[in-house]
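**Student:** Just dropping this structure here.
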Amino acid sequence: MTEFEPKQLACPCCKHEFETRLVTGFRIGEKEPDFCPRYLDGNPLPDFLHVCPECGFIGFEADYRSLNDEQKIKRVNTLLAGFHWVKGQQLGGAERYRRAALIGIYAGKRSAEVADLYLQATWCSRMEGEDDDEQKGARRKAVKYFELALAAEEFSPDDLPVVNYLLGELNRRLGENKKALKYFDAMDKLEKVDPWLIEWRDKQKALIT
Ligand SMILES: [Zn+2]
C-alpha cells in the first residue's frame, strides 16, 4: 500500500490553510522506456502535488514554502484566475501535473523542472487510461522544455546521457523520427554512459523504421 501522513499547508497564493497528505512510502517495479514507473500499489504521483481547495494553486510541498516572492505570487494568481477554480474541485493526476507545469512557468521554475512536470503529466495520463493522443500535448511541451533546459545548460554532465535518451524516446513517440535519431546518436559523443542506458537506446532506436 502507498503510505501517507497528514500535513498542514498554507497556500502561498491565497493564504488559506488546509490539511493534505504526504506520500511517505510506495513501491516501484520496472520502468517503461520513457521512465514511467510501474507502481506496485497504485500511482502515488498525484499525491506528490497538493491542491489548495480554496484557489486551485498546485505544487509540491516545497513549492508551498519556496513561493514567497510577491511579484511571482501576483503572476501565479493571474494564471489561477484563468482556471476559473470551483472551491473543493477534484483534479486527476494528469491535470494536476499539467497545471503545476504552467504554474511553474509563471513562478519562474527552471525549464528542467517544468519539463519534468510535463513528462509526469504524460505518465499520469497513461496510468489514468487516457489514450496516447491526449498525452501528446504534454509530451511536446516536455520536449520543448528539456530542449530549453539543454540550451540554458541547466543539466550537469552526469545528467546528459539520460536527458538525450529521453529526448530521443519522447521524439520517437511523437513520430519525430529524425529528431529522435539525432538525440539517440548524440549519446555516442558523451562520456560515461551507463551500459543499461545504451541497451535501452539500441532497443528503442531499432523501433524507428
Ligand atoms: Zn490557495
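**Student:** Which count do you get for residues in the range 1-48 that are within 16 Å of the ligand (Cβ to nearest atom), of a type in the set (S, T, N, Q) and in contact with a Pro (Cβ under 9 Å, 6 or more places away or on another chain)?
**Tutor:** 1
**Student:** Could you list, in sequence order, all residues of the range 23-80 that are open to solvent by 20 Å² or more (accessible area, probe 1.4 Å) and either on the phi > 0 side of the Ramachandran plot or among the β-branched types (Val, Ile, Thr) (or both)?
**Tutor:** Listed by number, the residues that qualify are 23, 24, 28, 35, 42, 51, 78.
**Student:** In addition: In the range 129-156, how many are surrounded by 14 or more Cβ atoms within 10 Å (Cβ to Cβ) and either hydrophobic (A, V, I, L, M, F, W, C) or in contact (Cβ under 8 Å) with a residue 60 or more places away in the chain (or both)?
**Tutor:** The qualifying residues number 8.
**Student:** Separate question: Is it true that some residue in the range 69-90 is touching a Leu at 6+ places or on another chain (Cβ under 6 Å) and within 30 Å of residue 152 (Cα to Cα)?
**Tutor:** Checking the range 69-90: not a single residue is touching a Leu at 6+ places or on another chain (Cβ under 6 Å) and within 30 Å of residue 152 (Cα to Cα).
**Student:** Quick one: residue 99 ticks every box in (1) open to solvent by less than 40 Å² (accessible area, probe 1.4 Å); (2) part of a loop (DSSP other than H, G, I, E, B); (3) of a type in the set (Lys, Arg) except a single one, so which number is it?
**Tutor:** Failing condition for residue 99: (2).
**Student:** How about the range 157-189: which of its residues are on the phi < 0 side of the Ramachandran plot, open to solvent by 50 Å² or more (accessible area, probe 1.4 Å) and either in a loop (DSSP other than H, G, I, E, B) or not basic (Lys, Arg) (or both)?
**Tutor:** Across the range 157-189, the qualifying residues are 157, 158, 159, 162, 176, 177, 181, 185, 188.
**Student:** Now for a different question. Exactly one condition in (1) surrounded by fewer than 22 Cβ atoms within 10 Å (Cβ to Cβ); (2) modelled with pLDDT of 95 or more; (3) over 19 Å from residue 205 (Cα atoms) is false for residue 114; which is it?
**Tutor:** Among (1) surrounded by fewer than 22 Cβ atoms within 10 Å (Cβ to Cβ); (2) modelled with pLDDT of 95 or more; (3) over 19 Å from residue 205 (Cα atoms), residue 114 violates only (1).
**Student:** Being over 15 Å from residue 13 (Cβ atoms) and in a loop (DSSP other than H, G, I, E, B) is the requirement here; does residue 108 meet it?
**Tutor:** Answer is no for this residue.
**Student:** Hey, among 61, 54, which residue is closer than 16 Å to residue 16 by Cα, away from the ligand (no atom under 14 Å from the Cβ) and in the same structural domain as residue 121 (by TED's automatic domain parsing)?
**Tutor:** None of the others qualify; the one that does is 61.
The values are calculated or read from the model by the stated rules, or taken from the named source; none is laboratory data. Computed from a prediction, not measured in an experiment: that's the story for all the values here. Glycine gets a Cβ as well: all are built from the backbone with ideal geometry, and neighbour counts include every protein chain shown. The protein model used for the area step is the full one, side chains on, heavy atoms only, and it has no ligands, DNA or RNA in it. Shrake-Rupley method; radii C 1.70, N 1.55, O 1.52, S 1.80 Å.
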